[in-house]
Amino acid sequence: MPELPEVEVTRRRLERELAGKRIERVTVRAPKLRLPVPAELAKVLPGRTVRTVGRRGKYLLFFCDGGCLVIHLGMTGFLRLLPGETPPGKHDHLDVVLADGRVLRFHDPRKFGSVLWTTGNPLEHPLLAGIGPEPLTPSFDGAYLFAASRSRSVAVKLFIMNAAVVAGVGNIYANEALFRARIHPARPARSLSRDECDRLAETVKEVLAESVEQGSTYRVAEETVAYHPLEFRVYGRGGVACTVCGAILEETRLGNRSTVFCPRCQV
Ligand SMILES: [Zn+2]
């Protein structure tokens, strides 16, 4: 599943490629993904110019003159920038053909992605309005985490994976951030001290930023928007020795998601 760093790497690459480019034509092949694909896209997008490409949580925001195309990659979606004559394959649900001849193509085998069009402020769209602060901005810090967690008895790992608490912290990054902050993933969120909240906010930023950094420098196939993930210290390493203390990492499930932690380092 594309995680926040992958979406951010995609955003950076697409912003470089698309800013200032005019849209010539749009083909919608799937009437419905997770939500219906707006039928008017083929009418309203041509002739508009992409100004910037933004991101809110895992939503990509293609700001055009007078409106915004919003794409969520879902579980299996990805975007490719291809020569215009490339024939569409199976699961290629949307083509945005640019005036320079290239095509931005959305491919999504499981169809859990979303495509929206809004002429209003996309940040106020019902799907985006409830998303918590962006983890890589100053609005997300220890003071915020501390205040937000005081009445929450849910496990801290599930707490930070809740998009209403903080945007886009997926399972992998929650595991890694808690390990680096030396906090047991099953602790009730409200049991964290202010100090621990400071550490956790810091390590959430760290793991996401490192992954974006690695993804940005990774050499991807020319037409494919892809990324290279972080080197994991706990995720997928249950039963293996902790890189810090040598204890055997334990694996359990929280909220039905794989959770790996060091029983000695994380208290
Ligand atoms: Zn350890």
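None of the figures in this text is laboratory data; all of them are computed from the coordinates on show. The shown structure was predicted, so the numbers you read here are calculated from the model rather than taken from an experiment. Here the Cβ positions follow ideal geometry from the backbone for every residue, glycine too, while neighbour counts run over all protein chains shown.
A few remarks follow.
- Look at the dipole of the stretch 79-172 built from charges on Cβ: of V96, I172, W117, the Cα furthest out on the positive end belongs to I172.
- The residue list I131, F106, L82 was ranked by how far each Cα lies along the charge dipole of the chain toward its positive end, using unit charges on Cβ atoms, and I131 comes out on top.
- Degrees separating the helix 4-18 axis from the principal Cα axis of the chain, which is the longest one: 30 degrees
- Using Cβ point charges alone (K and R +1, D and E -1), the dipole size of the stretch 91-216 about the Cα centre works out to roughly 600 debye.
- Euclidean distance of C-alpha centroids, the stretch 74-126 and the stretch 232-267, integer Å: 37 Å
- Residue (of N256, F140, A241) at the positive-pole extreme of the chain, dipole from beta-carbon charges: N256
- Our compactness index for the stretch 1-114, the C-alpha radius of gyration over the empirical 2.2 N^0.38 Å, is 0.96.
- Each of I172, I160 was scored by other Cβ atoms within 10 Å of its Cβ. Listed from fewest to most, they are I172, I160.
- On Cα atoms only, tilt of 194-217 relative to the major axis of the chain in degrees: 40 degrees
- Dipole magnitude for the stretch 1-88: about 100 debye, using +1 per Lys or Arg Cβ and -1 per Asp or Glu Cβ, origin at the Cα centre.
- For the chain, size of Cβ-based charge dipole, Lys and Arg +1, Asp and Glu -1, in debye: 580 debye
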